[in-house]
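Scroll down for the structure; my scribbles are underneath it.
The values are calculated or read from the model by the stated rules, or taken from the named source; none is laboratory data. Predicted, not measured: the structure shown is a model, and the values here were computed from it. As a convention, Cβ positions derive from the backbone with ideal geometry for all residues, glycine included, and neighbour counts pool all protein chains shown.
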Amino acid sequence: MMTPNADDPALEQAAKQVLDHAIARKLTLATAESCTAGALAQVLANAPGASDNFHGGFVVYTKQNKTAALGVPADLIARHSAVSSEVAKAMAKGALEHCPADLAVAITGVAGPEPDEDGNPVGLVHIAVAGRDGLMIEREHRFGEVSKDEICGGILMLALQLLDSAITQQ
């Protein structure tokens with residue numbers, strides 16, 4: 001089975017749909033990514049309409065950078081780990097605080113090949129979408145111990161689907 005990547009037609013179509021819906025609702029977007037290291041931003045930036053509706057993204061691979069770049073409280077990370085619902089939500093809120101977007105999607109997870117330093121298993125991912133109007137949606141997904149490419153590809157598709165769902169609720 002071929003896994004989704006930044007050049008995958010299904011991801012390209014999903015990103016185009018997200019941006020079409022954002023354009024129709026006059027909403028702008030941003031990303032905050034950890035384990036996907038900017039891949040979602042790349043997929044969105046490559047889609048038609050991105051220059052008008054996609055502000056860009058934050059790559060916050062380490063705990064320290066989640067705090068430095070997005071203002072995620074270090075004690076929140078210490079209490080819940082970097083791969084948690086609470087941190088995903090804080091990342092999405094932090095992205096909105098640090099850029100002018102209307103909606104931000106955040107991804108934090110363990111893509112492998114080993115569990116993280118807090119013992120979170122490979123394949124555990126949290127995705128959150130925050131809106132300036134108070135909207136907050138968060139989902140946990142467990143991919144299991146599949147390849148890093150499969151996990152990252154799956155995360156991108158799930159993030160686009162969650163973002164599109166949030167846009168259509170606006």
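So that you can scan it fast, the table gives a plain yes or no per residue for (1) over 25 Å from Asp149 (Cβ atoms); (2) surrounded by fewer than 17 Cβ atoms within 10 Å (Cβ to Cβ):
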{"site": "Pro9", "(1), (2)": "no, yes"}
{"site": "Ala14", "(1), (2)": "no, no"}
{"site": "Ala22", "(1), (2)": "yes, no"}
{"site": "Thr31", "(1), (2)": "no, no"}
{"site": "Ala50", "(1), (2)": "no, no"}
{"site": "Gly57", "(1), (2)": "no, no"}
{"site": "Pro73", "(1), (2)": "yes, yes"}
{"site": "Ile107", "(1), (2)": "no, no"}
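Looking at the structure I just gave you, is Val129 free of Cβ contacts under 8 Å to residues at least 40 places away in the same chain and within 12 Å of the chain's Cα centre (by Cα)? Yes, satisfied.
Criterion applied to Leu156, Leu135, Leu76, Leu70 was being in contact with a helix residue (DSSP H, G or I) (Cβ under 9 Å, 6 or more places away or on another chain), within 12 Å of Ser34 (Cβ to Cβ), at pLDDT 95 or above and hydrophobic (A, V, I, L, M, F, W, C), and the one residue passing it is Leu70. Counting the residues of the range 96-122 that are touching a helix residue (DSSP H, G or I) at 6+ places or on another chain (Cβ under 9 Å) and outside any loop (DSSP other than H, G, I, E, B) gives 8.
Of the helices (runs of 4 or more DSSP H) lying entirely inside the range 3-95, those carrying at least 1 residues that are within 22 Å of Thr168 (Cβ to Cβ), without any contact (Cβ under 8 Å) to a residue 40 or more places away in the chain and β-branched (Val, Ile, Thr) are 9-24. Within the range 141-163, no residue satisfies the criterion of being crowded, with 20+ Cβ neighbours inside 10 Å and more than 16 Å from the chain's Cα centre (by Cα).
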